[in-house]
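What follows draws every value from the coordinates through simple rules; no lab data is involved. Just so it is clear, the structure is predicted and the values come from calculations on it, not from any experiment. When we count neighbours, we look across all protein chains shown, and the Cβ atoms used for this are built from the backbone with ideal geometry, even at glycine.
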Amino acid sequence: MRNSPIFRVLWAAVAIAVGSCGPASKGPDDPAGGGGTGQPVAQALPKIPTKVDAVRSAPTDGHQPGKKSPILDAMLEENLRSLKALSRHPREPAFFLSYTVTEDRNIVIEAEGGGLINDIDETERSLDVDIRVGSPRFDNRHMLANNRLANFTFLMRKGRVPFGDDPTAIKRALWLETDRRYREAVLVLRTLKTQKQLVAKQQKAPDFSTENKEVFIQDKVDLEIDEKTARQRVRDCSKRARRGVATRSGCRLDISIKTVYYVNSEGSQIQMSWPTSRWSVSVGIKADDGMPLSRTEDRFGRDYKDMPNDAEVSAMIKKVTDELDALHKAPVVDPYVGPAILEGRAAAVFFHEVFGHRIEGHRQKDPNFGKTFTAEVGNKIMPEWLSVYDDPTIKSLNGIEVNGFFRFDDEGVRAQKARLVDNGVLKGFVLGRTPLEGFAKSNGHGRRAAGLPAVSRQGNLVVEASRSVTQKELRQRLIAELKKQNKPFGMIFTDISGGFTNTSKFGAQAFKVIPTMAYRLYPDGRTELVRGVDIVGTPLTVLASIRAAARPVEIFNGMCGAESGWVPVSASAPSLLLEKIEVERGFEPNNSPPVLDPP
């Protein structure tokens, strides 16, 4: 298991919901009121909230009972047959059993410099079996500090299910994998029972929550795409992106259709099918000092028809190539501690890393984690004008499709809004079916990639501010703050490539966010692009440093990797002014640019 969840930009579609967050060439003439008076900046914030216009879809919207696949019937029959026998087994009784069959079709069309380098169309069908033995109070997933086996049984293995809907073939695959998983679960539980001195120290909350029976059926989605035309568009895109200083130019189209069949011994039957698409433009070069530089622009959508048209692709190409040209000329940053603005996209990933991973429910129970916020429920942890929630039922925010939408989680629980922070006060956690003291039920955030056990994970993390200023005034406040601190400049971060955070108690409770577009803002309003920047810090210190928020909200669509694998997520936030942030030089490889010029 990895104790350091990673949030990387595999899919990173930025959306500026209100106004423009790009760097300004000139700063404002006057600092904002309250900026240089020695008073906290937040006291002067006007009572104007950030704009968050969310379109939600209830988990059962679009229920089509007539489209039920015979696969579900075969799964349910085998589930009930198996649990009936295993619940009476003399070795250890099983009390819960679920089956998940996941069918993934993935199309990847990728080109560099005008030629195809990937042309993939493949489909896989896998099986996950979750079996609980013992009792809901103490089962084979019980968490002990020295027993990783209990948390993640033998690990990272997907079962196989044949294609088609032949009930005999499907039941046989389920039977074989159930037998394997039951034997493993019994071994784990018996290992746990031998550690009675450790068991006595564990939390009073049970290991597993019972949940409502759910029935939801969606018809299987069909893919509509002219692959020949798509290949030509991707080739043309990669050829046109070879401009300016770029020595590498690539474009990529990813389309996937995921169909999930889920049943459990509580009687739930869920059949879901949905498409996702991404168009990516990426350019790069190695700087004269050997530092690799790159810029990427992505667009996320549900279907292929949501992908950018030719004019929009041209705009994406211009943006990344212009920014790469500027980065190539930019100086390398020096270490810095002082005030800074995290513009919306950077602020969103900042919250995902600094806050989001630390309020995932299972981390509050697992003694291997640092539990930064476990004892903080009911306490103020950030400014009173900030609220945070995670709501997977959001399909779009301010008109932008979000990547973290889902109807039911991977434990058969309907997606629900998890209210995390209200007016600066911590209220709760994102939860799967691992109860905590004071939180007995899941809020539909048990998630995983195929082949891994589900744990609580983020979906659509949203940061709202009840008080905010314009983007222009936020910069004015940064200038006032850097003057107040007698700093030669402040920092503005407009884009990032991702980040990672350590939540283990065996290391510092720290994070690192990796910006790709960072600027110095001088007292006279000038900006200067710099490169080679990493933002580092500890969560409690940085959250306490937030001083103001802007009105525009940006959306970050990405893939998040942690111990239950890679799952799609979104994070949305306004730009934030921080009183103090630490910047260090990023990794500098010991190499040099190519000896020969490119052809």
Quiz prompt | Neighbour-limited loop hits for GluC sites (Glu not before Pro), segment 247-336 (at most 15 other Cβ within 10 Å; DSSP other than H, G, I, E, B) | solution = E266
Quiz item: Which loop trypsin sites (Lys or Arg not before Pro) in segment 529-599, with loop taken from DSSP, have no more than 15 other Cβ atoms within 10 angstrom of their Cβ?
Solution: none
Quiz item: For the pair D236 and E266, how long in nm is the line joining their label points, each one 7 Å along Cα→Cβ?
Solution: 5.1 nm
Quiz item: Amide H neighbours of G586 under 5 Å, counting only residues 5+ apart in sequence or on other chains, H built in-plane at 1.01 Å?
Solution: V533, D534
Quiz prompt | Cβ-Cβ FRET estimate between V337 and D289, R0 fixed at 25 Å, reported to 0.05 | solution = 0.55
Practice problem: Arrange the peptides 233-240, 410-417 so that the one whose residues have, on average, the most other Cβ atoms within 10 Å appears first. | Solution: 410-417, 233-240
Practice problem: Using Cα positions and a limit of under 16 Å, work out the aspartates and glutamates in reach of K258, with same-chain residues fewer than 8 apart set aside. | Solution: E103, D104, D121, E122, E124, D128, D219, D222, E224, D303, D409, D410
Self-check item: From phi via Karplus (6.51, -1.76, 1.60), per-residue ³J(HN,Hα) for segment 172-178 in Hz, x at Gly/Pro
Solution: 5, 5, 5, 4, 5, 5, 4
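With a ≥ b ≥ c the root eigenvalues of the C-alpha gyration tensor of segment 197-349, is it rounded (a/c under 1.5), prolate (a/b larger than b/c) or oblate?
oblate
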Quiz item: In nm, to one decimal, how far is the modelled label at R302 from the one at R585, with both set 7 Å along Cα→Cβ?
Solution: 4.9 nm
Quiz item: Excluding same-chain residues fewer than 8 positions from K380, which lysines have a Cα within less than 27 Å of its Cα?
Solution: K47, K51, K204, K365, K371, K417, K427, K441, K484, K505, K512, K580
Self-check item: the chain - charge dipole about Cα centre, Lys and Arg +1 at Cβ, Asp and Glu -1, debye rounded to 20
Solution: 1520 debye
Quiz prompt | Average Cα contact separation per residue, the chain, under 8 Å, 6 or more apart, as relative contact order % | solution = 23 percent
Self-check item: Order by protection proxy (mean Cβ within 10 Å, highest first), peptides 218-230, 549-561
Solution: 549-561, 218-230
Quiz item: How many nm is it between the label spots at K380 and K472, if each spot is 7 Å from the Cα in line with the beta carbon?
Solution: 3.2 nm
Quiz item: Between A544 and T123, what length comes free when the chain is fully extended (0.36 nm per residue of separation minus the Cα-Cα distance, one decimal in nm)?
Solution: 146.8 nm
Quiz item: By DSSP, what percent of the beta bridges with both residues in segment 174-313 are antiparallel, rounded to the nearest 5?
Solution: 90 percent
Quiz item: What number, in percent, do you get for the relative contact order of segment 373-466 if the mean sequence gap of Cα pairs under 8 Å and at least 6 apart is divided by its residue count?
Solution: 34 percent
Quiz prompt | Cβ-based net charge around P593, under 9 Å, with every Lys or Arg adding one and every Asp or Glu removing one | solution = -1
Quiz prompt | Shape of segment 349-455, Cα gyration tensor, a/c cut at 1.5 | solution = oblate
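Order of 135-143, 84-92 by packing, highest average Cβ count within 10 Å first? Walk me through the intermediate numbers first.
Numbers: 135-143: 19.2, 84-92: 13.2.
Packing order, densest peptide first, comes out as 135-143, 84-92.
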Exercise. State whether segment 501-572 is rounded, prolate or oblate according to the following rule on the C-alpha gyration tensor (a ≥ b ≥ c being the square roots of its eigenvalues): a/c under 1.5 gives rounded; otherwise a/b larger than b/c gives prolate, and the remaining case gives oblate.
Key: prolate
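Could you work out the relative contact order of segment 456-599? I mean the mean sequence separation of Cα pairs under 8 Å and 6+ apart, divided by the number of residues, in percent.
With pairs under 8 Å counted, the relative contact order is 26 percent.
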Quiz item: Given charges of +1 on the Cβ of Lys and Arg and -1 on the Cβ of Asp and Glu, with all other atoms neutral, how large is the dipole of segment 282-344 about its Cα centre, in debye to the nearest 20?
Solution: 100 debye
